[in-house]
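Remarks on the structure that follows.
The values are calculated or read from the model by the stated rules, or taken from the named source; none is laboratory data. Bear in mind the structure is a predicted one, so any value in this text is a computation, not a measurement. Counting neighbours? That spans all protein chains shown, and the Cβs are built from the backbone with ideal geometry, glycine included.
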Amino acid sequence: MQGNRNGMIPISRDRLISEFPKCYTPEAALQLRTDWDIRAKVGFKDGAARHQPWDRQRMSKVVVVGDLNVGKTCLINRFCKDVFERDYKATIGVDFEIERFEVSGIPFSLQIWDTAGQEKFKCIASAYYRGAQVIITAFDMADIKSLDHTRRWLEEAMRENEPDSCFIFLVGTKNDLLPLDERQRTEKDAIRIAAEMQAEFWAVSAKTGENVQSFFFRVAALAFEKCVLKDMESGPPARIGHGGSIKSDCANLEKASAHDKKRGCC
Ligand SMILES: Nc1nc2c(ncn2[C@@H]2O[C@H](COP(=O)(O)OP(=O)(O)OP(=O)(O)O)[C@@H](O)[C@H]2O)c(=O)[nH]1
């Protein structure tokens, strides 16, 4: 794809976020607000006016964890590529996608890390938990054990991150598989666990696409707002890694990902 006058690739129209996205249910929401934080709005105006160059764009790291086969890869692929794969192919170690947004006129990216749920790949995957701004703990709505296991997944992800530094989401996948009454029962249990985890709950289906875009828009909006507020407190935009540009960070991440895939299990 060709860049525009500034050499930047235009962001597709379906990745434009202007309104503050709603939560799934107020019973388990990280924010009950219906509009952006008033201080962040000032930051948006300032950021839009400054036209930050590509290599100073804001990016947040999102790590998706959960049992094997719960549908982490399918969830990411539905959002990033609008595809659904019926056959199960285990993630080996880790994989990642970069998804670009424009939030209130300002470019923003999510670096979404898909981690392996299989025990034998855990030691590779856990090396990538560090530095997350968002942790998504996924479970299968049709497999209640996978909901119980989300506590342990979160604990492990938080071992590599500062307490209070991450937004936590609890996501029930495959909600197309449940009849309405069962779905409501599982949601009730999930909302209770989300409250314990201080997480926001969402129920989605990668197969039908239900709630997938709304969920990732919510993630992007909260992460972006937090970046803006942090920048306003501390000066220059936060970036991934140790002062590298988004381009060099991406190149390094690609190398790391390819290396881990080749290595297979530990
Ligand atoms: N019906 C239905 N099936 C789904 C959905 N999402 C995923 N699946 C199926 O569940 C299986 C596992 O999906 P994956 O996305 O590969 O699971 P994963 O959590 O990434 O698994 P690991 O890589 O081993 O950790 C596949 O056969 C998918 O087709 C969904 O929303 N609805």
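Name the single residue that is surrounded by the most Cβ atoms within 10 Å (Cβ to Cβ) among those in the stretch 159-202 being among the acidic types (Asp, Glu), within 16 Å of the ligand (Cβ to nearest atom) and within 20 Å of residue 213 (Cα to Cα). Even if it seems obvious, please write down each step before you answer.
Taking the stretch 159-202 as the starting set, the residues that turn out to be among the acidic types (Asp, Glu) are 160, 162, 164, 176, 181-182, 187, 189, 196, 200.
Checking the rest, the ones that are also within 16 Å of the ligand (Cβ to nearest atom) come to 176, 182, 187.
With within 20 Å of residue 213 (Cα to Cα) added as a condition, the list becomes 176, 187.
Details: 176: 15, 187: 22.
The extreme case among them is 187.
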Unmet requirement for residue 74, which otherwise passes all of (1) touching a strand residue (DSSP E or B) at 6+ places or on another chain (Cβ under 8 Å); (2) more than 12 Å from the ligand (Cβ to nearest atom); (3) hydrophobic (A, V, I, L, M, F, W, C); (4) in a helix (DSSP H, G or I): (2)
Pairs with Cβ under 8 Å, 6+ apart, first in the stretch 161-190 and over 27 Å from residue 60 (Cα atoms), second in a helix (DSSP H, G or I) and away from the ligand (no atom under 15 Å from the Cβ): 186/144; 189/144
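Residue 93 - would you say it is surrounded by 15 or more Cβ atoms within 10 Å (Cβ to Cβ), within 13 Å of the ligand (Cβ to nearest atom), at pLDDT below 95 and farther than 12 Å from residue 206 by Cβ? Walk me through it before giving the result.
Values: surrounded by 15 or more Cβ atoms within 10 Å (Cβ to Cβ): yes; within 13 Å of the ligand (Cβ to nearest atom): yes; at pLDDT below 95: yes; farther than 12 Å from residue 206 by Cβ: yes.
Yes; evaluated as a whole, the condition is true for this residue.
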Test: residue in the stretch 199-216 that is farther than 26 Å from residue 119 by Cβ, touching a Pro at 6+ places or on another chain (Cβ under 7 Å) and either of a type in the set (A, V, I, L, M) or in contact (Cβ under 8 Å) with a residue 24 or more places away in the chain (or both): yes
Pick from the stretch 98-149, criterion in contact with a Lys or Arg (Cβ under 8 Å, 6 or more places away or on another chain) and among the charged types (D, E, K, R), ranking: nearest to residue 189 (Cα to Cα): 140
All positions within the stretch 127-158 that are within 13 Å of the ligand (Cβ to nearest atom) and within 23 Å of residue 220 (Cα to Cα): 136, 137, 138, 139, 140, 150, 153
Some residue of the stretch 81-94 being without any contact (Cβ under 8 Å) to a residue 24 or more places away in the chain, farther than 29 Å from residue 43 by Cα and in a helix (DSSP H, G or I): yes
Pairs with Cβ under 8 Å, 6+ apart, first in the stretch 97-116 and without any contact (Cβ under 8 Å) to a residue 40 or more places away in the chain, second of a type in the set (D, E, K, R) and outside any loop (DSSP other than H, G, I, E, B): 97/114
Some residue of the stretch 103-124 being within 16 Å of the ligand (Cβ to nearest atom), closer than 20 Å to residue 175 by Cβ and not in a strand (DSSP E or B): yes
